[in-house]
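Enquirer: I'd like to ask some things about the structure below.
Every read-out reported here was derived from the displayed coordinates using simple, explicitly stated rules and does not represent laboratory data. Quick caveat, the model's predicted, so the values are computed rather than measured. Neighbour counts are summed over all protein chains in view; Cβ atoms, including those assigned to glycine, are modelled from backbone coordinates with ideal geometry.
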Amino acid sequence: MRSVDERARSIEVAAPSVDEAVDKALEKLGLDRDEVEVEVLRHPSRGLLGLLSEDALVRVSAKAPVPAKEPAPSAGIADVDEVARLGLEVVGSLVSYMGLAARVSRETVPLESQTSLDAVLLNVSGRDLGALIGRRGETLRDLQYLSCLMISRPLQRWPNLAVDVEHYKARREKLLTDLARRMADKVRTTDQSVSLEPMPPHERRIVHLALRDDPDVFTESVGQADRRKVVILPKK
């Protein structure tokens, strides 16, 4: 589900999770996280036996441009630190409730895909944490969503928080960035487009970000639902 108000540069997107809906909206608008405001219109719900379930629904709007003489205000340090404090508390509690012996820490450098100044990255470290990551990071995605949901209540807004486990996301991001650049070199050499495998929205966005400043190629997403993928094309 998508609806766009071109004049207001606002889009409403539905997806199984809030984070996925935001990623889809950013991809559609071609904007970074710090260039938009996010309003959660509906949280996802699961009906009995998977019936009558509803996707999350968000409205993502481009921030109004700021005149050149008035630089855009950066996120307050106190606000970012509060997100980090709440995140450490919530993620630590969730991991403890799961019976896992793990340590949650704040990373000093966020993921490259976290382009906003108010981005916070937490990493869970320990032994035998594969179950916390899940198949293609699905369990980790749910952990991040639940953490953001719990933190959003006292904050009264959706936090720009990413949760990683044993730097899985950081490694995956590097792998995708390296892949994107290798495929871009192939496109330059052959002058033929290259299609990547289907990816979830946040991974497609990593590819788009990796190549957005490349002078010789551009990217676009094609396909529907789980078959949506990135195509790298030569600039004419």
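Enquirer: If the reach is capped at under 20 angstrom between alpha carbons, list the lysines near Lys236, excluding any in the same chain fewer than eight residues apart.
Expert: Within the straight-line cut-off, Lys236 pairs with Lys186.
Enquirer: Cα centroid distance between region 178-236 and region 124-177, in Å?
Expert: Using only Cα atoms to place each centre, the spacing works out to 24 Å.
Enquirer: Sorted from largest down, give the three principal axis spans of the alpha carbons of region 141-197, whole angstrom values.
Expert: Projected onto its principal axes, the Cα set of region 141-197 covers 53, 24, 15 Å.
Enquirer: Using a Gaussian network model on the chain with a 10 Å cutoff between Cα atoms, which of Asp32, Asp214, Asp164 fluctuates the most?
Expert: Maximum among the listed residues: Asp214.
Enquirer: How much length would be gained if the chain were fully extended between Lys174 and Arg227, taking 0.36 nm per residue of separation minus their Cα-Cα distance, in nm to one decimal?
Expert: Residue separation times 0.36 nm, minus the Cα-Cα distance, leaves 16.9 nm.
Enquirer: Restricting to DSSP H runs of at least four residues, report the calculated mean residue ellipticity at 222 nm for the chain, -39500 (n - 2.57) per run over all residues, nearest 500 deg cm²/dmol.
Expert: So the calculated ellipticity at 222 nm is -12500 deg cm²/dmol.
Enquirer: Any idea what Rg and Dmax come out to for region 127-236 if you just take the C-alpha atoms, in Å?
Expert: 16.6, 53
Enquirer: Anyone know which of Ser113, Ser17, Ser193 comes out most mobile in the 10 Å Cα GNM of the chain?
Expert: Among Ser113, Ser17, Ser193, the largest GNM mean-square fluctuation belongs to Ser193.
Enquirer: Tilt of helix 138-155 relative to the longest C-alpha principal axis of the chain, in degrees (0 to 90, nearest 10)?
Expert: Its long axis makes an angle of about 70 degrees.
Enquirer: Count charges around Thr219 for me, please; just the other residues with Cβ under 9 Å from its Cβ, Lys/Arg as +1, Asp/Glu as -1.
Expert: 0
Enquirer: So, one more: Report the convex hull volume per residue for the chain, counting only C-alpha atoms, in Å³.
Expert: With only Cα atoms used, the chain gives 155 Å³ per residue.
Enquirer: Same structure, new question: Let me know the shape class of region 171-234, please: from the alpha-carbon gyration tensor, a ≥ b ≥ c as square roots of the eigenvalues, rounded when a/c is under 1.5, otherwise prolate if a/b is greater than b/c, or oblate.
Expert: On the way: a/c = 1.88, a/b = 1.30, b/c = 1.44.
Here region 171-234 falls in the oblate category.
Enquirer: Only bridges with both residues in region 102-175 count here: give the DSSP antiparallel percent, nearest 5.
Expert: Of all bridge pairs located within region 102-175, approximately 50 percent are antiparallel.
Enquirer: Taking the Cα centre of the chain as origin and charging only Cβ (+1 Lys, Arg; -1 Asp, Glu), how large is the dipole, in debye to the nearest 20?
Expert: Details: 36 positive and 38 negative charges, 99 e Å.
Approximately 480 debye in magnitude.
Enquirer: Taking amide H positions as placed 1.01 Å from N in the peptide plane, with prolines and chain starts having none, which residues 5 or more places from Phe218, or on another chain, fall under 5 Å of its amide H?
Expert: It is Leu233, Lys235, by chain and number.
Enquirer: For Arg106, what charge total do you get from the other residues with a beta carbon under 10 Å from its beta carbon, if Lys and Arg give +1 and Asp and Glu give -1?
Expert: Within the 10 Å Cβ shell, the charges total -1.
Enquirer: Based on the Cα gyration tensor of region 77-166, what are the three equivalent ellipsoid semi-axes, each the root of five times an eigenvalue, rounded to whole Å and given largest first?
Expert: 20, 14, 12
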